[in-house]
1. I'd like the full set of residues that are closer than 20 Å to residue 129 by Cα and either free of Cβ contacts under 8 Å to residues at least 12 places away in the same chain or not assigned by TED's automatic domain parsing to the domain that holds residue 36 (or both), limited to segment 80-99.
2. Restricting attention to segment 148-156, does a residue exist that is outside the structural domain of residue 43 (by TED's automatic domain parsing), surrounded by 16 or more Cβ atoms within 10 Å (Cβ to Cβ) and under 30 Å from residue 59 (Cβ atoms)?
3. Just the residues that are over 23 Å from the mean Cα position of the chain (by Cα) and among the charged types (D, E, K, R), please, taken from segment 15-62.
4. Considering only segment 137-145, I want to know if a residue exists there that is free of Cβ contacts under 8 Å to residues at least 12 places away in the same chain and not small (Gly, Ala, Ser).
5. Which of the residues that make up segment 43-91 are surrounded by 13 or more Cβ atoms within 10 Å (Cβ to Cβ), part of a loop (DSSP other than H, G, I, E, B) and on the phi < 0 side of the Ramachandran plot?
6. Pull up segment 115-145, narrow it to residues that are within 24 Å of residue 177 (Cβ to Cβ) and surrounded by 15 or more Cβ atoms within 10 Å (Cβ to Cβ), then point me to the one that is farthest from the chain's Cα centre (by Cα).
7. How many of the residues in segment 130-145 are in contact with a strand residue (DSSP E or B) (Cβ under 7 Å, 6 or more places away or on another chain) and closer than 21 Å to residue 21 by Cβ?
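The values are calculated or read from the model by the stated rules, or taken from the named source; none is laboratory data. The structure displayed is predicted, hence computed values, not measured ones. Heads up, the Cβs are rebuilt from the backbone with ideal geometry, glycines too, and the neighbour counts pull from every protein chain shown.
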Amino acid sequence: MLPLVVDLRRLRVVLVGNGESALRRLRLLAEADARTLALYADTPSPALAAAAGSRLVRRLPLAQELAAAHLVFIADAPPRLRSALAETARAGGALVHVEDTPLLCDLHAPAILRRGDLTIAVSTGGRSPALAAQVKRFLGRLFGPEWQERLDGLAKLRRDWRDGGADAPTVARRTDQWIDGQGWLPVGDVTPTGSEMPAAEAARALQATFAPTH
């Protein structure tokens, strides 16, 4: 597996599905700013239809519509239909993700934690989405909303340094020094050397380490 961050504003995305799984995927794609997105649903739930708005096409996609896409997400479709749609999309050159069917997938969608433009993705390669979701929730307690403001401030500093003539190594060094000076991230291990800390106690230690400073 090769984790990548994809700019969905540049890609044509197709989503196929009718129910709750399709709705969750639609929200994730919208959150990622997928601008050229079509949802194909022959019997969409009311919630899905409302969320999709003008992006909804009330039928299954045609072969040429799948072939025109860069990414195709297939959710809550019967097994035979999933396979047929996946094969057609792949034959047209699209990358395919089929909900809960790793063998039909060209990619696996991670659990995503967003704090502004700070994006933390957790993947198990499709082996346990529930574990990825648990880890995401844990990280969400460590990286709170304050990280959006921190990133915004650091991005401004970076622009100022670059505008002042600093080269890439200098910017990287100053960034490291700034982060260390702010105490945002732990230095060294969070558990005592040579000790076995229970999971709950380790979680509390991590949360204390990452707690916002005022």
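1. Of the residues in segment 80-99, the ones closer than 20 Å to residue 129 by Cα are 82, 95-99.
None - no residue of segment 80-99 is closer than 20 Å to residue 129 by Cα and either free of Cβ contacts under 8 Å to residues at least 12 places away in the same chain or not assigned by TED's automatic domain parsing to the domain that holds residue 36 (or both), so the list stays empty.
2. Within segment 148-156 (the criterion being outside the structural domain of residue 43 (by TED's automatic domain parsing), surrounded by 16 or more Cβ atoms within 10 Å (Cβ to Cβ) and under 30 Å from residue 59 (Cβ atoms)), the answer is no, since none of the residues qualifies.
3. 42, 58, 59
4. Yes: segment 137-145 contains one or more residues that are free of Cβ contacts under 8 Å to residues at least 12 places away in the same chain and not small (Gly, Ala, Ser).
5. Listed by number, the residues that qualify are 44, 45, 60, 61, 68, 69, 70, 75, 77.
6. So the residue we want is 142.
7. Residues of segment 130-145 in contact with a strand residue (DSSP E or B) (Cβ under 7 Å, 6 or more places away or on another chain): 132-133, 135-136, 139-140, 143, 145.
Next cut, closer than 21 Å to residue 21 by Cβ only: 132-133, 135-136.
Counting residues in segment 130-145 that are in contact with a strand residue (DSSP E or B) (Cβ under 7 Å, 6 or more places away or on another chain) and closer than 21 Å to residue 21 by Cβ gives 4.
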